[in-house]
Amino acid sequence: MIDETVRQLLDLIRRQECASRCSPASHVLLVDDGSTDATWAHIQRLATQNPGRIAGLKLSRNVGHQHALLAGLTQAQGDVLVSIDADLQDDIEVIARMLDLYYQGNEIVYGVRSARLNDTHFKRMTAKGFYRLMLRMGVDIIDNHADYRLMSRRTVEILRQYGEVNLFLRGIVRLIGLPSAQVSYERRERMAGETKYSLARMMALAWQGITSFSVAPLRVIAALGVLTSCFALAVSIWVFIVALTNPAAVPGWASTVLPITLIGGIQILSIGVLGEYIGKIYLESKRRPRFIVDRTIGMNESVAGDCASSGVVSAPLVKPAQ
């Protein structure tokens, strides 16, 4: 996809430049999230063929989509940055509308999928469940918005102040609170390759977002504790009444096994959820670099690290005309 991605993005930038909506310094930054194939060689070739238009940033290892995306955003130059996945399933023509809203005073413009007709039924259902779960758990995100967005330089500089290791950019960007708008588009069919975002990775992202932005799971544990206590009290009263009214009754195994099993299961679940939060505290306390830049091409060589993104992510940087 990388050659077609670059061709389409450069064509878009040229059209915007001809309309005096961006400067000649506008360019595309491709982030290689520690790939093990020939991706970086392709990026080097494209940067050499398109000097000043294509830049590349290679991370020392795979750090995951969210960290790699943050790496590109924080290391990129320009007054306006637009992040987009390199598979181009997100409609790049929406960028022109994003610029319109930026010139109207919005610092952040979110790309929102209005339809996912090219996704499988299973993909649509799981995606719908993902956003509903996040909203139910109290995470402030925009329904059907992934990481396709425009951000001003001011927004990116504020984003750099968020030093957390457990990243969920869809939630963090919402916390910034600057003037924002939304544009809708239809998600297109993937032109080549297969998605690496499996159901397991989507669930992991959901769990990351929930535990990074919500204490709802802890409150659920507290509620389960109250319900379990009430249940145990009710069983105790029942056993006591049976013992008083029916001396010949043989105590059943259910009255013993059921409460023990129920309480034991809830305790194990609770310990697991608590452990997840403690684990996040542990990771945050170490303050390790979130990413390390291995090498760059076509950009300021002073960059060296503390952020990241996953897969190959292209970040077209659009600098408005003065």
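Quick one: which of Ile92, Ile108, Ile2, Ile84 is among the hydrophobic types (A, V, I, L, M, F, W, C) and modelled with pLDDT of 95 or more?
Result: Ile108 is the single residue among Ile92, Ile108, Ile2, Ile84 that is among the hydrophobic types (A, V, I, L, M, F, W, C) and modelled with pLDDT of 95 or more.
Would you confirm whether any residue within the range 139-148 is open to solvent by less than 50 Å² (accessible area, probe 1.4 Å), among the aromatic types (Phe, Trp, Tyr) and at pLDDT 85 or above?
yes
What number goes with the only condition from (1) of a type in the set (Gly, Ala, Ser); (2) in contact (Cβ under 8 Å) with a residue 60 or more places away in the chain; (3) closer than 23 Å to Val94 by Cβ that Gly171 does not pass?
Of everything listed in (1) of a type in the set (Gly, Ala, Ser); (2) in contact (Cβ under 8 Å) with a residue 60 or more places away in the chain; (3) closer than 23 Å to Val94 by Cβ, Gly171 misses just condition (2).
What's the number of the only condition in (1) open to solvent by less than 20 Å² (accessible area, probe 1.4 Å); (2) touching a Gly at 6+ places or on another chain (Cβ under 7 Å) that His27 fails to meet?
Failing condition for His27: (1).
Results for (1) among the β-branched types (Val, Ile, Thr); (2) crowded, with 19+ Cβ neighbours inside 10 Å; (3) outside any loop (DSSP other than H, G, I, E, B), shown as yes or no for each residue.
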{"site": "Leu12", "(1), (2), (3)": "no, yes, yes"}
{"site": "Gln16", "(1), (2), (3)": "no, yes, yes"}
{"site": "Thr36", "(1), (2), (3)": "yes, no, no"}
{"site": "Ser83", "(1), (2), (3)": "no, yes, yes"}
{"site": "Asp87", "(1), (2), (3)": "no, yes, no"}
{"site": "Ile95", "(1), (2), (3)": "yes, yes, yes"}
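Just one of (1) open to solvent by less than 50 Å² (accessible area, probe 1.4 Å); (2) under 23 Å from Asp11 (Cα atoms); (3) not polar (S, T, N, Q) trips up Leu167, so point out which.
The one condition Leu167 does not meet is (2).
Of the conditions (1) loosely packed, with under 13 Cβ neighbours inside 10 Å; (2) in contact with a Lys or Arg (Cβ under 9 Å, 6 or more places away or on another chain); (3) in a helix (DSSP H, G or I), Thr211 satisfies every one except a single condition; which number is it?
Of everything listed in (1) loosely packed, with under 13 Cβ neighbours inside 10 Å; (2) in contact with a Lys or Arg (Cβ under 9 Å, 6 or more places away or on another chain); (3) in a helix (DSSP H, G or I), Thr211 misses just condition (1).
Look through Ser60, Ser20 and report the one residue that is surrounded by fewer than 23 Cβ atoms within 10 Å (Cβ to Cβ) and farther than 21 Å from Glu93 by Cα.
Sole residue among the options that is surrounded by fewer than 23 Cβ atoms within 10 Å (Cβ to Cβ) and farther than 21 Å from Glu93 by Cα: Ser60.
Residue-by-condition table, conditions (1) open to solvent by 20 Å² or more (accessible area, probe 1.4 Å); (2) of a type in the set (Lys, Arg); (3) more than 30 Å from Gly279 (Cα to Cα):
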| residue | (1), (2), (3) |
| --- | --- |
| Ile92 | no, no, yes |
| Ile108 | no, no, yes |
| Val112 | no, no, yes |
| Met125 | yes, no, yes |
| Leu133 | yes, no, no |
| Ile158 | yes, no, no |
| Ser184 | yes, no, yes |
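Give all pairs with beta carbons closer than 7 Å in which a residue from the range 15-40 that is over 17 Å from Tyr102 (Cβ atoms) and among the polar types (S, T, N, Q) meets a residue that is open to solvent by less than 20 Å² (accessible area, probe 1.4 Å) and outside any loop (DSSP other than H, G, I, E, B); count only pairs at least 6 apart in sequence or on separate chains.
Once the first residue is over 17 Å from Tyr102 (Cβ atoms) and among the polar types (S, T, N, Q) and sits in the range 15-40, its partners that are open to solvent by less than 20 Å² (accessible area, probe 1.4 Å) and outside any loop (DSSP other than H, G, I, E, B) give Thr39/Asp32.
Can you tell me which residue among Ser314, Ser270 is crowded, with 16+ Cβ neighbours inside 10 Å and at pLDDT 75 or above?
Step by step, each of Ser314, Ser270 is checked, and only Ser270 is crowded, with 16+ Cβ neighbours inside 10 Å and at pLDDT 75 or above.
For Ser285, only one of the following conditions fails: (1) open to solvent by less than 70 Å² (accessible area, probe 1.4 Å); (2) assigned to a helix (DSSP H, G or I); (3) modelled with pLDDT of 75 or more; (4) closer than 30 Å to Asp32 by Cα. What is its number?
Of (1) open to solvent by less than 70 Å² (accessible area, probe 1.4 Å); (2) assigned to a helix (DSSP H, G or I); (3) modelled with pLDDT of 75 or more; (4) closer than 30 Å to Asp32 by Cα, only one is false for Ser285: (1).
Criterion first (touching a strand residue (DSSP E or B) at 6+ places or on another chain (Cβ under 8 Å), at pLDDT 95 or above and either assigned to a strand (DSSP E or B) or hydrophobic (A, V, I, L, M, F, W, C) (or both)) does Leu69 satisfy it?
No.
Can you tell which of Val239, Val220 is modelled with pLDDT under 70 and in a helix (DSSP H, G or I)?
The unique qualifying residue is Val239.
The values are calculated or read from the model by the stated rules, or taken from the named source; none is laboratory data. What you are looking at is a predicted structure, and each value in this text was computed from that prediction instead of being measured. Heads up, the Cβs are rebuilt from the backbone with ideal geometry, glycines too, and the neighbour counts pull from every protein chain shown. The protein model used for the area step is the full one, side chains on, heavy atoms only, and it has no ligands, DNA or RNA in it. Shrake-Rupley method; radii C 1.70, N 1.55, O 1.52, S 1.80 Å.
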